[in-house]
Amino acid sequence: MKRARQKVVVEHEAPQTSQKSKKQKTCLCGSVLGESDLQASMDWGSLPHHLILRIFQFLPLVDRARASSVCRRWNEIFHIPDLWRRFEFELSQPATSYLKSTHPDLIQQIIKRHADDLQYVSFKVDSSTESAEAACDILSQLVNCSIKTLGLISTAKPSFMNVSKAHFASALTVVFVNSKSLSSVKIDDTPLDDPSLKVLVANNSDTLKLLKMSSCPHVSPAGILCVADQCHGLKELALNYYILSDELLLALSSEKHVDLEHLRIDVVSENPGQVEFHTIKKQSWDAFVKHSPKVNIVMYFFLYEEEFDAFFREETPVTHLYFGRAVSKALLGRIGMNCPRLIELVVCANGLQPLDDELIRIAERCKNLTAMGLGECEVTCKGFIEFVKMCGGRLTQLSIMEEVLIPDNDYSLDRLHLEVSKHLGRMWFPDMMPTW
C-alpha cells in the first residue's frame, strides 16, 4: 500500500512540475515577444508566405525538397515559379566522378512542371560522354522554355566535344528557337557550329549581350561574323584567335553596334609549327578601339616561343596579357613598345636571361599598368626596384616569385622588400608560390 501511495504521489507531482515549468517559460517568452507573437512563433506552418519563400531561396535543393514534405503549404511554395528561375543541373557518373548529381526524378519533375519557369540555366557535367549526352537530352526537352542565360560547363576534360555534332546541334536548336530572349550564352569547349550560330542569331539577335565560345573548332570566321553583323547589342565576346579577323573587328565597330566592353581572345597551339597565325591590321584595331574606347581586350597565350612571330609587331590595344608558356625577351620587348593600353601582365616562364631592360621599357611606355605577375623568370633586384619605382603606387597587384629575384651588389632580398614597400606605399613581400 505504501508503495502504491508513493507511486500515486509521484504520478501527480510530475504534471505539476511540468505545468509550472511551462508557465514560467510562457511568461518569459510572453514578456519578450508578446502573446500574439508567441503563438505565431510556435507555429511554423503559419509563417508568412513571403518569409517561407525567402528561406527556401537560401536552402540547397536537397534541403528545400525535404522541407517541402513538412506540410501541404510548404509543398505548394516549393513549386512557386520564383524558386525555379535559376537552376544548375549537375550531371555525373557516380563510379567515375566526385560530383553530386541532380536526381533523375527531380529532373523529370522540373521538365514537366517548371520548364517554362527556367530563366537562368547551367549544366555542370563531369568528364564522361554519358553526362554530356544527358545534358543534351534535357536541353532537347525544354520546348516551353524562356531561358535568358545558358551555360555549359565541363568540370574536367571537355566532355561535350565527344557528343555527336548532330545531337548537340539539335539540343541547342530547341533552346535557341524557343527562348527568343537569350542574353547570355556560355558554351566553351563544345561542338558548336555555324548553322547553330545562325539559329541563335535568327531568334535572339535583339537580346544577346554575352557570347563565350572559346575552343569551338567547328565555328568559322564567317560564323562569328554573322553574330557581329546582326547582334548589335553584344557587349562581351570570347573566342579563339583563329576566328578573329579584320572583318569581325570592323563589324563590331559599326555605328549600329553598341560599345563592346570585353573581348577575350585565346591563342592556343597544341603542336608547334602546325598552326600559322595571321596578323590583324593596325587599322582594324584602331577602328575597333575608336568605337569602343573603354573595351578590355584580354589575350591568353599558350604558344611555343617560335610561334609568336605574328604578334605585337605593330601597336596592339590589348589591356590584359597572360602567357601560360615561356616567352622570349624579344617578345616582351615588343610588348613594351607596342602595347600602350596594357593594364595587367602575367608571365609564367621566360628563361635564364634577366628581364631588367624589358620591364623598364614596359614601365616607361605602359602608363596604365596596374598588375604584374612573374613566375619562372629572372630579374636583378636593382632592375626590379627600378621598375617598381617607375610604376609607383599604381601597381595595385604585384605577384613575384622569390626565386625570380637575383640579389646583386646593391640590394639583398631583405633590403629589397623594404625598398619595394616604400615605392608601393604598402607592405610587400615576394611570393613563395604563384598566386595567379
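The values are calculated or read from the model by the stated rules, or taken from the named source; none is laboratory data. The shown structure was predicted, so the numbers you read here are calculated from the model rather than taken from an experiment. Using ideal geometry, Cβ is built from the backbone for each residue, glycine included, and neighbour counts are taken over all protein chains shown. Calculation scope for accessible area: heavy atoms of the full protein, side chains included, ligands and nucleic acids excluded. Shrake-Rupley method; radii C 1.70, N 1.55, O 1.52, S 1.80 Å.
When the inverse distances between all different Cα atoms of region 148-248 are averaged and flipped, the Kirkwood radius reads 13.4 angstrom. Rg over Rh for region 295-357 works out to 0.92, both radii taken from alpha-carbon positions and Rh defined as the Kirkwood radius.
The aspartates and glutamates within cross-link reach of LYS148, meaning a Cα-to-Cα straight distance under 14 Å and a gap of 8 or more places when in the same chain, are GLU88, ASP116, ASP117, ASP206. Exceedance of the 31 Å cut-off in Cα-Cα distance is limited, within the set LYS212/LYS422; LYS281/LYS422; LYS157/LYS209; LYS112/LYS256; LYS165/LYS209, to LYS212/LYS422; LYS281/LYS422; LYS112/LYS256.
Projected over all directions and averaged, the alpha-carbon convex hull of region 322-385 occupies 3.8 nm².
How big is the Cα convex hull of region 373-433 in projection, averaged over all directions, in nm²?
Result: 3.6 nm².
Axis angle, to the nearest 10 degrees, between helix 413-424 and the longest C-alpha principal axis of the chain: 80 degrees.
If you take every residue apart from ILE153 with its C-beta less than 12 Å away from the C-beta of ILE153, what net charge results, scoring Lys and Arg +1 and Asp and Glu -1? Residues close to ILE153 contribute a combined charge of -2. For MET401, neighbours were defined as the other residues whose beta-carbon sits under 9 Å from its Cβ, and their charges (Lys and Arg +1, Asp and Glu -1) total -4. Taking Cα atoms only, the orientation of helix 165-179 departs from the longest principal axis of the chain by about 70 degrees. Could you work out how far helix 49-58 tilts from the main Cα principal axis of the chain, as a 0 to 90 degree angle to the nearest 10? Helix 49-58 sits roughly 50 degrees off the main axis of the chain.
Computed with a 1.4 Å probe on the full set of protein chains, the accessible area for ILE265 sits at about 0 Å². Count Lys and Arg as plus one, Asp and Glu as minus one, and take only other residues whose Cβ is under 11 Å from that of GLU247; the net charge is then -1.
Labels on offer are (1) 34.1; (2) 21.7; (3) 24.3, and the one holding mean projected area of the Cα convex hull in nm² computed from this structure is (1). In whole angstrom, region 293-436 maps to an equivalent ellipsoid with semi-axes of 24, 17, 13, each derived as √(5λ) from the alpha carbon gyration tensor and ordered largest first. Every Cα-Cα pair in region 91-156 was counted, and those over 17 Å apart are 40% of them.
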